[in-house]
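Colleague: The structure follows.
The values are calculated or read from the model by the stated rules, or taken from the named source; none is laboratory data. Because the structure is a prediction, the values reported are computed rather than measured. All Cβ positions, glycine included, derive from the backbone under ideal geometry; neighbour counts span all protein chains shown.
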Amino acid sequence: MDGLVSFCPDVDRVSKSAPSATWATMARIAAVSRIFTATFSSVYPLYVTKLERKGRTEAELDVVIEWLTGFTAEQLRDHIAAGSTFEEFFADAHLNPNVTLITGMICGVRVEEIEDPLMQKIRYLDKLVDELAKGRPMVKVLREPAATP
């Protein structure tokens, strides 16, 4: 995600002197535990900055988050104000039934193949933000059916 908002473990920084599988695993575990306890409010402004740099708006970000989580604008603001962790944030969410239509790669992993439910939800959000930043039309980001003429 342009390096601005990315919770992908940086395995390249890990010492090459130990067996790579061990260090890679340790790096992934550290990154996973960090994101689970990170506050949504600490990441939200980074999402906004990323999108604004790409010509998108905070309002568009909110639409995407509300579509994914089922939150109202007020509930989203409450989570930001309360400093909810990603774990708390997604525990309160009611994911959109079309969430399974979110597919593709994020951090080198296919989102539809992520086994941990919380990590998958976080990656769904990352994927939607990436698509928005890349200029994808909102109707496609939200997986809405095409209008019939």
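Colleague: Please work out if residue 59 is of a type in the set (A, V, I, L, M, F, W, C), modelled with pLDDT of 95 or more, out of contact with any Phe, Trp or Tyr (no Cβ under 8 Å at 6 or more places or on another chain) and surrounded by fewer than 17 Cβ atoms within 10 Å (Cβ to Cβ). Full working, then the answer.
Modeller: Working: of a type in the set (A, V, I, L, M, F, W, C): yes; modelled with pLDDT of 95 or more: yes; out of contact with any Phe, Trp or Tyr (no Cβ under 8 Å at 6 or more places or on another chain): yes; surrounded by fewer than 17 Cβ atoms within 10 Å (Cβ to Cβ): yes.
For residue 59, the condition - of a type in the set (A, V, I, L, M, F, W, C), modelled with pLDDT of 95 or more, out of contact with any Phe, Trp or Tyr (no Cβ under 8 Å at 6 or more places or on another chain) and surrounded by fewer than 17 Cβ atoms within 10 Å (Cβ to Cβ) - is met.
Colleague: For region 72-97, give me each residue that is exposed (fewer than 13 other Cβ atoms within 10 Å of the Cβ) and outside any helix (DSSP H, G or I).
Modeller: The answer is 72, 83, 94.
Colleague: Tell me which of these residue 100 doesn't satisfy, since it passes every other one: (1) buried (at least 17 other Cβ atoms within 10 Å of the Cβ); (2) closer than 19 Å to residue 144 by Cβ; (3) at pLDDT below 95.
Modeller: Condition not satisfied by residue 100: (1).
Colleague: Can you say whether residue 112 is over 18 Å from residue 47 (Cβ atoms), acidic (Asp, Glu), out of contact with any Asp or Glu (no Cβ under 8 Å at 6 or more places or on another chain) and not in a helix (DSSP H, G or I), as far as the supplied structure shows?
Modeller: On the way: over 18 Å from residue 47 (Cβ atoms): yes; acidic (Asp, Glu): yes; out of contact with any Asp or Glu (no Cβ under 8 Å at 6 or more places or on another chain): yes; not in a helix (DSSP H, G or I): no.
No: the conditions fail for residue 112.
Colleague: Taking the conditions exactly as written (modelled with pLDDT of 95 or more, farther than 15 Å from residue 132 by Cα, surrounded by 13 or more Cβ atoms within 10 Å (Cβ to Cβ) and among the β-branched types (Val, Ile, Thr)), does residue 69 satisfy them or not? Walk me through it before giving the result.
Modeller: Numbers: modelled with pLDDT of 95 or more: yes; farther than 15 Å from residue 132 by Cα: yes; surrounded by 13 or more Cβ atoms within 10 Å (Cβ to Cβ): yes; among the β-branched types (Val, Ile, Thr): yes.
Considered against the rule, which asks whether it is modelled with pLDDT of 95 or more, farther than 15 Å from residue 132 by Cα, surrounded by 13 or more Cβ atoms within 10 Å (Cβ to Cβ) and among the β-branched types (Val, Ile, Thr), residue 69 comes out as yes.
Colleague: What residue, of 128, 118, is within 13 Å of residue 63 (Cβ to Cβ) and either touching a strand residue (DSSP E or B) at 6+ places or on another chain (Cβ under 9 Å) or in contact (Cβ under 8 Å) with a residue 60 or more places away in the chain (or both)? I'd like the intermediate steps shown before the answer.
Modeller: Values: 118 fails: within 13 Å of residue 63 (Cβ to Cβ).
None of the others qualify; the one that does is 128.
Colleague: Within region 98-109, how many residues turn out to be outside any strand (DSSP E or B) and free of Cβ contacts under 8 Å to residues at least 24 places away in the same chain? Please lay out each step first, then the result.
Modeller: Taking region 98-109 and keeping what is outside any strand (DSSP E or B), we get 98-104, 107-108.
Filter again for free of Cβ contacts under 8 Å to residues at least 24 places away in the same chain, leaving 100, 103-104.
Qualifying residue count for the region: 3.
Colleague: Oh, and also: Checking residue 144 against (1) closer than 17 Å to residue 60 by Cα; (2) surrounded by 11 or more Cβ atoms within 10 Å (Cβ to Cβ); (3) modelled with pLDDT of 95 or more, which single condition isn't satisfied?
Modeller: (3)
Colleague: Checking the structure you have, find out if any residue of region 112-133 is surrounded by fewer than 19 Cβ atoms within 10 Å (Cβ to Cβ) and of a type in the set (Lys, Arg).
Modeller: no
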